[in-house]
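Each remark here refers to the structure printed beneath this line.
The values are calculated or read from the model by the stated rules, or taken from the named source; none is laboratory data. Given the structure is predicted, the values throughout are model-derived calculations rather than measurements. Because the Cβ atoms are built from the backbone with ideal geometry, glycine has one as well, and the counts that use them run over all protein chains shown. Note: accessible area is taken over every heavy atom of the protein model, side chains too, but ligands, DNA and RNA are not part of it. Shrake-Rupley method; radii C 1.70, N 1.55, O 1.52, S 1.80 Å.
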Amino acid sequence: MLGLTASPAAATPPNSTTTTNSCLIPNTTSLLLLSSNAQIRANSSFSFTCCSARNLHSSWRTIKAMAATEETLSVTNPPSPLSGDRQALISLSDKKDLAILGNGLRNLGYKIVSTGGTASALESAGLPVTKVEQLTCFPEMLDGRVKTLHPNVHGGILARRDQKHHMEALSKHGIGTFDVVVVNLYPFYEKVTSTREIEFEDGIENIDIGGPAMIRAAAKNHKDVLVVVDSEDYPALLEFLKGDKDDQQFRRKLAWKAFQHVASYDSAVSEWLWKQTSEDKFPQSLTVPMLLKSPLRYGENPHQKAAFYVDKSLSEVNAGGIATAIQHHGKEMSYNNYLDADAAWNCVSEFQSPTCVVVKHTNPCGVASRDDILEAYRLAVKADPVSAFGGIVAFNIEVDEALAKEIREFRSPTDGETRMFYEIVVAPKYTKKGLEILRGKSKTLRILEARKNEKGKLSLRQVGGGWLAQDSDDLTPQDIQFKAVSEKAPQKSELADAEFAWLCVKHVKSNAIVIAKNNCMLGMGSGQPNRLESLRIALKKAGEEVKGAALASDAFFPFAWKDAVEEACESGVSVIAEPGGSIRDGDAIDCCNKYGVSLLFTNVRHFRH
């Protein structure tokens, strides 16, 4: 039945308010009040149809703007909150498995309300859909910025079913409830991390507003509303809806996931906006979104539980590193495997020539660079074959058939018989045959393919109750001036040895000493509370080969005479590279002059704790 009241436009003040079970219907010549369940065409150039509503306030400016549109909205009677009709609200940017979800909900008796492209996709799948504007009595506007931000939507999501006054308010205003809300967001992350650089305004337009509002509303009211943000959860949702028991834990898990989804989304927006606004790496507030890659059998020790997360910060997209490595073969990675593989990969990636690095407990125990990568591999293992056994071996070039065979068959230099065993092999790529041969070495050997870490990353480290943030240590010998401060200047080959040793010592735990010659590490001392002990360990490992070698120290020598500098000179090293900066630098210079050793100051320290 149609109830119609018409009045001339001049009779209605621009800011008047009418309270009735109707919507305002603008016309170029008059204002019409239309009851629910009706459609009216005022003239040939304009029509507007509305659902039931109350207390609508419309300014004259809004009416004029609406009068300029050419859109017809069909009438929809929202279900009464007490009618028992079940509604699902679906608004998706990523429409993966949408038809499966839509059919599943329809078969369970749910009425589907949807927006824009999602509604079109559902209709294309042959599913009946109520468009959201039929509930709001308002067309999508502002280039899609405003679609669902309306009491007819959010009231139906947020109303608590156990609160009588909530349900009375819905009934009074003719608003139906939503039992299921399925939403995912504009692809902001994908847009701003694409290889094609986007304009600032394009990034802004990809910030979702209505989506997060619906997700948060549904998650807050999860006791009554199921919220889904991941297509992987569609099967579980449909199974749950088929059951006759309510599981609040299931609802809470979906709500947690929803809030986490929005939090990660907002962190990406925040990170992107900060980079558009400031060159400072350290904002007042910092959020790091992390995604679980895999649970681990245990942590550093068997009694510690552990898991591995991937950093989903925008700065980490396509930035390389062990976290995004592809595992081609072997046992699942452990907590310590990740730490050691990261140390090996970070070290080997810094060398420009073909290089092999062997790591044990995050310290490089063998490093060698050669044009012949097979020779580099043998020399790296020879530097400390006892430590290399059970370690991680890393290469900065492709592992081909010949190298794979050498890795598989190489015997320990300690006895010439024991076949070398490794936990992990990591390289930038493998030939098909090389990968096949390595897989045959051991069922447990982990074979990783990784991309080089980009420079300029933010390095984070946890301490009790807080985090330390710093620039990554990206300096290499090419970025540093090696200044001769002794009477004897180094020869060209000695300077090359010092630079090689310096790059190695950067990756050794402090206090760190490395002895090297001919692009090969001969010995290293690490992690000792005093530098003299680290020196003695390095000298012991280098043996007689220390004669004419280069020595690098990650920090200055606090003492020289009858201490580390003099012992190094007496051992036969030809050149020492250190940062300098001690109040006793003069003693170090005098000591090197006495023994005819070249002393280089780098003015750069490489502490590693």
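How far is it, in nm, from the label point at W561 to the one at E375 when both lie 7 Å from their Cα along the line to the Cβ?
4.5 nm
Enter the accessible area per residue of the stretch 188-340 (Å², integer; probe 1.4 Å; all protein chains in place).
With the other protein chains kept in place, the stretch 188-340 gives 60 Å² per residue.
Nothing charged except the Cβ atoms of Lys and Arg (+1) and of Asp and Glu (-1): what's the magnitude of the dipole of the stretch 477-601 about its Cα centre? Round to the nearest 20 debye.
Approximately 220 debye in magnitude.
Can you give me the Cα centroid spacing of the stretch 137-210 and the stretch 398-464 in angstrom?
The distance from the Cα centre of the stretch 137-210 to that of the stretch 398-464 comes to 49 Å.
For T414 and T193, what is the calculated FRET efficiency with R₀ set at 51 Å and r taken between the beta-carbons, to the nearest 0.05?
0.55
Per residue, how much accessible area does the stretch 457-563 have with a 1.4 Å probe, in Å²?
50 Å²
State, as an integer percentage, the relative contact order of the stretch 87-276 based on alpha-carbon contacts under 8 Å between residues 6 or more apart.
Computed value for the stretch 87-276: 21 percent relative contact order.
Between C365, Y298, L435, whose Cα lies farthest towards the positive end of the dipole of the stretch 291-449 when Lys and Arg beta carbons carry +1 and Asp and Glu beta carbons carry -1, centred on the Cα centre?
Y298
In the stretch 298-390, what GluC sites (Glu not before Pro) fall in a loop by DSSP, with at most 16 other Cβ atoms inside 10 Å?
For GluC sites (Glu not before Pro) across the stretch 298-390 that sit outside H, G, I, E and B with at most 16 neighbouring Cβ atoms in 10 Å, the list reads E300, E332.
Multiply the residue separation of D162 and V317 by 0.36 nm, subtract the distance between their alpha-carbon atoms, and state the gained length in nm to one decimal.
Working it through step by step, the gained length comes to 51.3 nm.
Using only alpha carbon pairs under 8 Å that are at least six residues apart, calculate the relative contact order of the stretch 291-449 and give it in whole percent.
21 percent
Between D85 and K540, what length in nm is gained on full extension when 0.36 nm per residue of separation is reduced by their alpha carbon distance?
Going from the current span to full extension adds 155.6 nm.
Per the Kirkwood definition applied to all pairs of different Cα atoms, how many angstroms is the hydrodynamic radius of the stretch 87-162?
Radius from the Kirkwood sum: 13.0 Å.
Express the relative contact order of the chain as a whole percentage, based on alpha carbon pairs under 8 Å and six or more residues apart in sequence.
This gives 7 percent for the chain.
Can you pull the one-decimal nm distance between simple spin-label points at L149 and L108, each 7 Å off the Cα toward Cβ?
3.1 nm
Using DSSP to define loop residues, name the trypsin sites (Lys or Arg not before Pro) in the stretch 198-281 whose beta-carbon has at most 15 other beta-carbon atoms within 10 Å.
K223, K245, K281
Share of antiparallel DSSP beta bridges in the chain, in percent to the nearest 5?
Given both bridge residues lie in the chain, the antiparallel proportion sits at roughly 65 percent.
What list of ³J(HN,Hα) couplings, whole Hz, do you get for the stretch 592-600 from phi and the Karplus terms 6.51, -1.76, 1.60, once you set θ to phi - 60° and write x for glycine and proline?
These are the phi-based 3J(HN,Hα) values: 5, 5, 4, 9, x, 9, 6, 10, 10 Hz.
With θ taken as phi - 60° and the coefficients 6.51, -1.76 and 1.60, list the Karplus ³J(HN,Hα) couplings across the stretch 432-444 in order, rounded to whole Hz; mark glycine and proline as x.
With coefficients 6.51, -1.76 and 1.60, one gets 4, 6, x, 5, 5, 5, 5, 4, x, 5, 6, 5, 8 Hz.
Leaving out ligands, DNA and RNA, what percent of the accessible area of the chain is carbon and sulfur, probe 1.4 Å?
Roughly 50 percent, rounded to a whole number.
Which residues' amide hydrogens lie under 5 Å from the amide hydrogen of G366, considering only partners 5 or more residues apart or on another chain, with H built in the peptide plane?
Here the answer is V358, since their amide H atoms fall under 5 Å of that of G366.
Give me, ordered by chain and number, the residues 5 or more places off F308 or on other chains with an amide H under 5 Å from its own placed amide H.
Long-range HN contacts for F308: K293, S294, L296.
I need the phi-derived Karplus couplings for the stretch 519-524: 6.51 cos²θ - 1.76 cosθ + 1.60, θ = phi - 60°, integer Hz, Gly and Pro marked x.
6, 9, 6, 9, x, 8
Based on the alpha-carbon set only, what is the convex hull volume of the stretch 87-276 divided per residue, in Å³?
In the stretch 87-276, the Cα hull volume divided by residue count equals 127 Å³.
If amide H atoms are built 1.01 Å from N in the plane of the peptide, which residues on other chains or at least 5 residues away come under 5 Å of the amide H of V399?
Excluding prolines and chain starts, which carry no amide H, the hits are K429, Y430, T431.
Quick one: divide the alpha-carbon radius of gyration of the stretch 146-199 by 2.2 N^0.38 Å and tell me what you get.
With N residues counted in the stretch 146-199, Rg over 2.2 N^0.38 Å equals 1.75.
Obtain the nm distance between the two label points defined at E401 and K547 by a simple spin-label model: each point lies 7 Å from its Cα along the Cα-to-C-beta direction.
A separation of 4.3 nm, rounded to one decimal place.
Might you report the magnitude of the Cβ-based charge dipole of the stretch 309-373 about its Cα centre, with Lys and Arg at +1 and Asp and Glu at -1, to the nearest 20 debye?
Computed charge dipole of the stretch 309-373: roughly 120 debye.
How fast does the stretch 367-431 diffuse by Stokes-Einstein, in µm²/s, taking the Kirkwood radius from C-alpha pairs at 37 °C and 0.692 mPa s?
For these conditions, the coefficient is 276 µm²/s.
Just going by the charge dipole of the chain, with Lys and Arg at +1 and Asp and Glu at -1 on Cβ, which of P385, S93, L600 is farthest out on the positive end?
Selected residue: S93.
Is the stretch 291-449 best put as rounded, prolate or oblate by its Cα gyration tensor, with a ≥ b ≥ c the root eigenvalues, rounded for a/c under 1.5, and otherwise prolate when a/b is larger than b/c, oblate when not?
Cα axes put the stretch 291-449 in the prolate bin.
Only Lys, Arg, Asp and Glu count, each charged at its Cβ (+1, +1, -1, -1), so figure out the dipole size of the chain about its Cα centre, rounded to 20 debye.
In total the dipole reaches around 1740 debye.
Could you please state, rounded to a whole Å, how far the C-alpha centre of the stretch 485-513 is from the C-alpha centre of the stretch 81-130?
67 Å
Among S120, I198, H165, flag the residue with its Cα farthest along the positive direction of the charge dipole of the stretch 87-276, charges on Cβ as +1 for Lys/Arg and -1 for Asp/Glu.
Farthest towards the positive pole: H165.
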